[in-house]
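S.K.: Structure below; questions to follow.
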Amino acid sequence: MTANKNQDFFSNSAVVVLFFCALLLTLYVYWPSLNGPFVFDDIPNLEALGAFGGVDSLEKALIFIFDGKAGPLGRPLALTSFLLNDTNWPSNAEFSFKYTNVLIHCLVGVLIFVFARKIIFLAGVNKDRANIYAIFVMIFWLLHPMNISGVLLVVQRMNQLATGFMLIFFIYYLYNRNSVVSFDKSVYFFSICGAIFIAAILSKETAALIPIYLCVLEIVLQGQRREKNDWIQVFIVYIGGLAFIGLLFFYANFDSFTWQVRGFTPLERLMTESRILIDYLDKIVRPSSVGSGFVNDDIILSKNLFEPITTVLSIIFVASLLVVALFVKNKLVKFGIFWFFGGHLLESTCLPLELYFEHRNYLPMVGIIIALVGILDQLKQKEIVYGVMCVLVLISLILSRQSAVIWGDSSKLAKVLFVEHPNSKRAYQSFINERFFSGDMAAVKYLIASGKEKFPGDNYMLLQSVIVGCDNELNFAVENEDIKRKIISGYYDNGSIALINTLSRLARDNKCREVNYDFVEDVIDGFLLNKFYKGNYDRSILYSIKHDLYIHKKIYKKALYFINKSVKLNNKNHQLMFKKISLLSALEFNSMLVSTLKEAMNISSGNYFKDKFYRDIYASMIDDLVKLEKG
């Protein structure tokens, strides 16, 4: 009896020690990365902090929070969290943003421990082993190199928070599902579940996967439910799962133009994702830092089942895993496989998203780690089990620490991404910028020359070559008609239009002898004639830049013509309308100004607080005009 108590005490003590060691090791691993740069999607999602001169009032805070463009619901809860780190842009608070992400990562790790412990226990593993296995799941997940980009890309806090709330949902569900035996308790149960779901989906829309995850929990662990509660399974799980599938196809954009811009068809995406899922699985069970990061635009498309041949092999392998999951008796293996593939139903199927991102595995990979636990638990020699676990954790620790050091240095990061992704346009662009700002013009010249050869239809690199070549004697100048022709035939890149503003500034400030107003206008006209830039949003921006160009040239009637075209294409945009109002005011076209202001008062951008902010300005301007006329 005493021996068993001592053994239980030792086991519990070990779990506590390992629990806190996991959190401390996570901080140790990520610490070198905390002064690293903002990269990729960080800037377009955070620059709104400085849109109105900084968030220095409740009104501006509410405008920022409810003006998100990253997803259909705007992700206001995640945007609110960014205000904890800074209230202006550009920001020098890289450390604060990234440190907060690491702390959230640790908190999610704690939730994973609680969740995994419950799953493992429900699968029939005894309490002591369930504790040890749950600690392994937690620490392996916390230190796994696949999570590096998902933590250090600041904007992926959206994904972190959604994952955290989803885990809270599942933990509450698992611990309370069988206690719903009366109407009062069911109301309370559903209210709590609903509140957590709302918090999750307002962080990121991937929370829509909750019904799918619940299906996995119910199907795999259905022996734990009470018969009297089967209506929960029917109404919450199965109907919820069907509703998710319906919404998935409803939001799946099968418009040919959208897919044309992406560069692949829905079928090509589905076939390619089969290979990508295998790559994810491989990186989870064999931790690796090579080829990781956010520059994954070099994925080879699956044109058909046999091109490349790994397409059909991957589809067979995925199907085989699902068949294994259907018939295997090991509940942890069954759970893990279904959890992983269920977690990829949103972003790895028929939505026109980019093909590959590691952060999409932030929650799904928990399933694979639990499945690995299920396999190891079958081994009789526990020394081998714990040895394998220690080796996997140690490998993850070393690789993630190395990656964190790289992420903490913008120069190293750009170079490593370029070396590991030589066929990535995004890696080329990033490395060219880094070498340019480091003053290595010889490298810039080589990179641009090789990049143009490798990516002949890349408009971004074409404009980038003009910008970095300005007054640096790199001889990248091209004739107006030549650049216009190349832009017309180039393919889509949502970053290209942003470079036109840089060209416009160069022309305005007369800082580049090759770039004048006519050159910039030809660039804009090239984009307007490009078949990939036919969307109203892109064209409204292009016409707005043309308006800016003619303002600088002091040809105001043409400026008014182009801002009118811009507003017509995007009539819910206050910034564009304000440009028109400012021009009419400067030209003293008062009658037209009054009618435009009244029109602007009716704009509904979808952000109540932004609309109110601008309407107050419009109303004030109307009052001033009325007073001016009376005076």
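The values are calculated or read from the model by the stated rules, or taken from the named source; none is laboratory data. The structure displayed is predicted, hence computed values, not measured ones. When we count neighbours, we look across all protein chains shown, and the Cβ atoms used for this are built from the backbone with ideal geometry, even at glycine. Side chains included, ligands, DNA and RNA excluded: accessible areas come from the protein's heavy atoms. Shrake-Rupley method; radii C 1.70, N 1.55, O 1.52, S 1.80 Å.
S.K.: Could we say that residue 130 is at pLDDT 95 or above and crowded, with 20+ Cβ neighbours inside 10 Å here? Reasoning before the result, please.
M.R.: Details: at pLDDT 95 or above: no; crowded, with 20+ Cβ neighbours inside 10 Å: yes.
Here the answer is no, as residue 130 does not meet what is asked.
S.K.: Can you tell me which residue within the range 511-534, out of those that are open to solvent by 60 Å² or more (accessible area, probe 1.4 Å) and in a helix (DSSP H, G or I), is modelled with the lowest pLDDT?
M.R.: If we take residues in the range 511-534 being open to solvent by 60 Å² or more (accessible area, probe 1.4 Å) and in a helix (DSSP H, G or I), then 518 is modelled with the lowest pLDDT.
S.K.: Right, another one. Would you check if there is a residue in the range 597-610 being crowded, with 19+ Cβ neighbours inside 10 Å, part of a helix (DSSP H, G or I), without any contact (Cβ under 8 Å) to a residue 40 or more places away in the chain and not aromatic (Phe, Trp, Tyr)?
M.R.: Yes.
S.K.: While we're here: Taking the range 431-449 only, how many residues are touching a residue at least 12 places away in the same chain (Cβ under 8 Å) and out of contact with any helix residue (DSSP H, G or I) (no Cβ under 6 Å at 6 or more places or on another chain)?
M.R.: Here is the first cut: in the range 431-449, the residues touching a residue at least 12 places away in the same chain (Cβ under 8 Å) are 431-436, 438, 441, 444-445, 447-448.
Of the ones still in play, those that are also out of contact with any helix residue (DSSP H, G or I) (no Cβ under 6 Å at 6 or more places or on another chain) are 433, 438, 441, 445.
Adding up the residues that qualify gives 4.
S.K.: In the range 226-237, is there at least one residue being out of contact with any Lys or Arg (no Cβ under 8 Å at 6 or more places or on another chain), part of a loop (DSSP other than H, G, I, E, B), open to solvent by 30 Å² or more (accessible area, probe 1.4 Å) and modelled with pLDDT under 85? Quick ask: steps written out before the conclusion?
M.R.: Let us first name the residues in the range 226-237 that are out of contact with any Lys or Arg (no Cβ under 8 Å at 6 or more places or on another chain), namely 226-228, 230-231, 234-237.
From the residues that got through so far, the ones that are part of a loop (DSSP other than H, G, I, E, B) too are 226.
Next cut, open to solvent by 30 Å² or more (accessible area, probe 1.4 Å) only: 226.
Now drop any that are not modelled with pLDDT under 85, which leaves 226.
Yes, the range 226-237 contains at least one residue that is out of contact with any Lys or Arg (no Cβ under 8 Å at 6 or more places or on another chain), part of a loop (DSSP other than H, G, I, E, B), open to solvent by 30 Å² or more (accessible area, probe 1.4 Å) and modelled with pLDDT under 85.
S.K.: Starting from the range 522-535, take each residue that is closer than 16 Å to residue 507 by Cβ and list its partners that are basic (Lys, Arg) and open to solvent by less than 30 Å² (accessible area, probe 1.4 Å), counting only C-beta distances under 9 angstrom and pairs at least six apart or across chains.
M.R.: Note: pairs meeting the criteria are 524/546; 525/546.
S.K.: Can I ask one more? Report, by residue number, each residue of the range 276-326 that is among the acidic types (Asp, Glu) and within 21 Å of residue 373 (Cβ to Cβ). Talk me through it step by step, then tell me what you get.
M.R.: Within the range 276-326, the subset among the acidic types (Asp, Glu) is 279, 282, 297-298, 307.
Scanning the range 276-326 gives a single hit, 282.
S.K.: Just checking, which of 119, 104 is open to solvent by less than 10 Å² (accessible area, probe 1.4 Å) and modelled with pLDDT of 90 or more? Don't jump to the end; show me each part of the working.
M.R.: Details: 104 fails: open to solvent by less than 10 Å² (accessible area, probe 1.4 Å).
None of the other options fit; the residue is 119.
S.K.: If you don't mind, another one. I'm trying to understand the selection: among the residues of the range 305-321, which are open to solvent by 60 Å² or more (accessible area, probe 1.4 Å) and either in contact with a Phe, Trp or Tyr (Cβ under 7 Å, 6 or more places away or on another chain) or not in a helix (DSSP H, G or I) (or both)? Walk me through it before giving the result.
M.R.: To start, the set of residues in the range 305-321 that are open to solvent by 60 Å² or more (accessible area, probe 1.4 Å) comprises 305-307, 309-310, 313, 315-317.
Of everything in the range 305-321, those that are open to solvent by 60 Å² or more (accessible area, probe 1.4 Å) and either in contact with a Phe, Trp or Tyr (Cβ under 7 Å, 6 or more places away or on another chain) or not in a helix (DSSP H, G or I) (or both) turn out to be 305, 306, 307, 309.
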